[in-house]
Amino acid sequence: MNRRQYLAVSTAALSGLAGCLGDTEYTISSVETEDDSHPLALDVTVVDRDIEIESPGRLDITLRNTGTQDLSIKNTGVWPLGVLGLVSAGDSGSLDILLLTDEYAEVDTVEIRPNGANKDNAPLTGTLEAGESIERQYELIGRRVSTAGTYTLQGYFDEVPLSYRTDEDADWVAYHPSVSVTLTEQSVLP
């Protein structure tokens, strides 16, 4: 191989790796939830820990009515969980990571863009019967993650993702689950 061929091949190889080397990949290293005194419970299960360049991490999020009465649930975006996101723990600013679900494509109330999202602020209300649960799968896309660390789950547009009440209560109660998700960097190179 002469010098020109060597330079051409090595330049092409390094150019091909440049995109891979510039993108950090992450792992969902832990998810912790805390129980509270609400008649609702939120269970978060990791389905796919690796947040890779070509493959998102996945979380199953289940909302359960643990009470003995039916609950009316109100939110915006997509019923019942709304548009969820992760914010750096201790940060009171804007959210760092938008969680994506197939539900967004099925409604007119949410528009997802490569660098953000919009939602309709019209309230959505439905009933979660006593003992009933609803599960949704959410994805963590690598290009939406900017840094490793511990994040808290909340509504992407509103800190409180939903409100609830029984048929007997006139007032809505804000439901803010205590969920933390820890992401760690993983090496892209073998």
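The values are calculated or read from the model by the stated rules, or taken from the named source; none is laboratory data. The structure displayed is predicted, hence computed values, not measured ones. Heads up, the Cβs are rebuilt from the backbone with ideal geometry, glycines too, and the neighbour counts pull from every protein chain shown. Keep in mind that these areas ignore ligands, DNA and RNA; they rest on the heavy atoms of the full protein, side chains included. Shrake-Rupley method; radii C 1.70, N 1.55, O 1.52, S 1.80 Å.
Values as computed for the structure displayed
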read-out	value
Matching option when the condition is under 15 Å from TYR175 (Cβ atoms), more than 17 Å from the chain's Cα centre (by Cα) and open to solvent by 70 Å² or more (accessible area, probe 1.4 Å), among THR125, THR68	THR125
Residue satisfying all of: in the stretch 130-148; over 11 Å from the mean Cα position of the chain (by Cα) and closer than 19 Å to PRO177 by Cα; most open to solvent (accessible area, probe 1.4 Å) among these	GLU135
Test: residue in the stretch 163-175 that is under 20 Å from the mean Cα position of the chain (by Cα), open to solvent by less than 80 Å² (accessible area, probe 1.4 Å) and closer than 15 Å to ARG64 by Cα	yes
Test set (1) in a loop (DSSP other than H, G, I, E, B); (2) in contact with a Leu (Cβ under 7 Å, 6 or more places away or on another chain); (3) open to solvent by 30 Å² or more (accessible area, probe 1.4 Å); (4) not aromatic (Phe, Trp, Tyr) - LEU81 fails condition number	(3)
Residue within the stretch 98-110 that is open to solvent by less than 20 Å² (accessible area, probe 1.4 Å) and either in contact with a Pro (Cβ under 7 Å, 6 or more places away or on another chain) or aromatic (Phe, Trp, Tyr) (or both) present	yes
Selection count, the stretch 115-158, where residues are closer than 22 Å to ILE28 by Cα and either in contact with a helix residue (DSSP H, G or I) (Cβ under 7 Å, 6 or more places away or on another chain) or free of Cβ contacts under 8 Å to residues at least 60 places away in the same chain (or both)	6
Test result for ILE73, surrounded by 20 or more Cβ atoms within 10 Å (Cβ to Cβ) and over 19 Å from the mean Cα position of the chain (by Cα)	yes
Failed item in (1) in contact with a Ser or Thr (Cβ under 9 Å, 6 or more places away or on another chain); (2) within 22 Å of HIS176 (Cβ to Cβ), with GLY57 passing the rest	(2)
Top-ranked residue of the stretch 35-51 - restricted to ones that are of a type outside the set (A, V, I, L, M) and at pLDDT 90 or above, ranked as most open to solvent (accessible area, probe 1.4 Å)	ARG49
